[in-house]
Amino acid sequence: MFTCTGYAAEAATAPLAPFTFERRDPGPMDVRIDILYCGVCHSDLHQARNEWHNTLYPCVPGHEIVGRVTAVGETVTRFRVGDLAGVGCMVDSCRECASCQEGLEQYCERGFVGTYNGEDRQGGGHTFGGYSRAVVVDQAFVLKVPENLDLAAVAPLLCAGITTYSPLRHWKVGPGQRVGIVGLGGLGHMAVKFARAFGAHVVLFTTSASKVEDALRLGAHEVVLSRDEAAMAREANSFDFILDAVAAQHDINAYLGLLKRDGTLVQVGAPEQPLPVAVFSLIFKRRSFAGSLIGGIAETQEMLDFCGEHGITSDIEMIRMDEINAAYERMIRSDVKYRFVIDMATLPEAA
């Protein structure tokens, strides 16, 4: 074991603060990564404040991790000391069920082990995430990071990136298709970049006129203000695929009506309350309403390699570790373009 420092919430109403804990030493198949940057996901806020009613305290959030390998176990073959490496939302799974065998560990039938707030099957207790000095992870759940990209801007790819890349790939988005992206936040801005890179005609839907210019800069061909009923009516029955990245309550039927016959709307934003669906929107055009959860390890590596080849990263704002509580409040107000990333060099040496 070695002593590690980080930032943790000790209770739902407590701000994140310096915290000292123990990490396991690398076992035969483990990789130790000293963390350089950690992205800040909205789910970090939900978890720290127990908004999903399953938080294990103390909670050290963070599952968008980029760093450098500083130690490897004796049987590790995929990484060497000095390599750049990343860790996303998972650090283990059963590895035996049908989903795991197909490289879809995120759908593990026994449940994957979250990078934080998960059952620590190696050391007992629960897992602690990337708001910390270092992390130790089985090599099977560690990603190779392209050397040619801005490392800080790579960090959000480990969640926001793969969450949008995976459904676009699964539903075979590409040239000749008209693709809608709903919402321009941490997820939506990556969806626009990927859909454009895949060759689709990309239309961004937003409630905010202030986001039109940015959406076009990020790669959207068109922007539609979703509060404009006439503009929405003109888009009816015209989309092959829509990716909905909105986590707030909204009328999903307004977007289902934009799909062509046999079109698909995939939800990746996670509103707290159910989204009522008018079934006739589905029945009369044989439309599909689906969901998608992050991506498997192989697909996440594919995504990182794709980003390296095409120069794709997240748009970020760098913060110090001691600015995390203020960053959470700004996230609630959607006051970030488009992902906070913590410079872990600003983490205190000791709690």
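The values are calculated or read from the model by the stated rules, or taken from the named source; none is laboratory data. The structure presented is a predicted model; accordingly, all values stated were derived computationally and were not measured. A quick note on method: Cβ atoms are made from the backbone with ideal geometry, for glycine too, and the neighbour counts reach across all protein chains shown. For accessibility, only protein heavy atoms count, side chains too; no ligands or nucleic acids. Shrake-Rupley method; radii C 1.70, N 1.55, O 1.52, S 1.80 Å.
Here are the numbers for this structure:
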read-out	value
Enclosed volume per residue, in Å³, of the convex hull spanned by Cα atoms of the range 105-261	163
Spatial separation of Cα centroids for the range 84-125 and the range 289-309, in angstrom	15
Sparsely packed trypsin sites (Lys or Arg not before Pro) within the range 80-143, loop by DSSP, other Cβ within 10 Å at most 15	Arg80, Arg95, Arg110, Arg121
Entries in Lys211/Lys337; Lys172/Lys193; Lys193/Lys260; Lys144/Lys193; Lys260/Lys285 that, when Cα-Cα distance is taken, lie over 19 Å	Lys193/Lys260; Lys144/Lys193
Neighbourhood charge, 10 Å Cβ-Cβ cut-off, centred on Asp83 and excluding it, Lys, Arg +1 and Asp, Glu -1	+3
Table column - 3J(HN,Hα) (Hz), the range 173-187, Karplus curve with 6.51, -1.76, 1.60, x for Gly and Pro	5, x, x, x, 9, 9, 10, x, 10, 9, x, 10, x, x, 6
Under Karplus coefficients 6.51, -1.76 and 1.60, residue-wise ³J(HN,Hα) of the range 233-242 in Hz, glycine/proline x	4, 5, 8, 4, 6, 10, 10, 7, 7, 10
Under 9 Å, Cβ to Cβ, from Asp240 - net charge with Lys/Arg +1 and Asp/Glu -1	+1
Cα convex hull volume per residue for the range 284-326 (Å³)	210
Neighbour count of at most 10 Cβ within 10 Å plus DSSP loop: longest GluC sites (Glu not before Pro)-free window in the chain	148-271
Loop-located chymotrypsin sites (Phe, Trp or Tyr not before Pro) in the range 249-289 whose Cβ has at most 14 other Cβ within 10 Å (DSSP)	Phe284
P(r) histogram, all alpha-carbon pairs of the range 125-197 included - 5 Å bins from 0, percent	3, 12, 19, 21, 16, 13, 9, 4, 2, 0
Probe 1.4 Å, protein heavy atoms only - accessible area per residue of the chain in square angstrom	42
Förster radius 25 Å - calculated FRET efficiency between Ala278 and Ser208 (Cβ-Cβ, nearest 0.05)	0.45
Chain lengthening between Ala248 and Ala14 when straightened (0.36 nm per residue, less Cα-Cα)	81.8 nm
Using a Förster distance of 45 Å, the FRET efficiency for His221-Tyr107 (Cβ separation, nearest 0.05)	0.85
Nonlocal amide H pairs with Ala8, under 5 Å, H built at 1.01 Å	Ala17, Phe19
222 nm mean residue ellipticity, helices alone, for the chain (DSSP H n ≥ 4; -39,500 (n - 2.57); rounded to 500)	-6000 deg cm²/dmol
Relative compactness, the range 251-351, computed as alpha-carbon Rg over 2.2 N^0.38 Å	1.53
Accessible area of the chain belonging to carbon and sulfur atoms, whole % at 1.4 Å probe	51
Contact order normalised by residue count of the chain, Cα under 8 Å, 6+ apart, percent	19
Residue-wise HN-Hα coupling along the range 299-309, computed from phi with Karplus coefficients 6.51, -1.76, 1.60 (Hz; x: Gly, Pro)	5, 5, 5, 4, 4, 4, 5, 4, 5, x, 6
Spacing of the two label points (7 Å from each Cα toward its C-beta) at His310 and Ala236, in nm	3.3
Distant alpha-carbon pairs in the chain (separation over 29 angstrom), percent	39
Along each principal axis, Cα extent of the range 1-41, largest first, Å	39, 22, 14
Formal net charge of residues neighbouring Ile33 (Cβ-Cβ distance under 15 Å; K, R +1; D, E -1)	+2
Alpha-carbon radius of gyration plus Dmax, which is the widest Cα pair, for the range 178-267 in Å	11.6, 33
Nearest-0.05 FRET efficiency for Arg80 and Asn325, computed from C-beta distance (R0 35 Å)	0.40
Phe340 long-range amide H proximity, modeled H, under 5 Å	Val40, Glu317
Potential extension, Lys144-Glu349 segment - 0.36 nm per residue separation minus Cα distance	71.1 nm
For the chain, built as a Gaussian network whose Cα springs stay under 10 Å, the top-fluctuating residue of Ala209, Ala140, Ala155	Ala209
Sparsely packed trypsin sites (Lys or Arg not before Pro) within the range 271-334, loop by DSSP, other Cβ within 10 Å at most 16	Lys285, Arg286, Arg320, Arg333
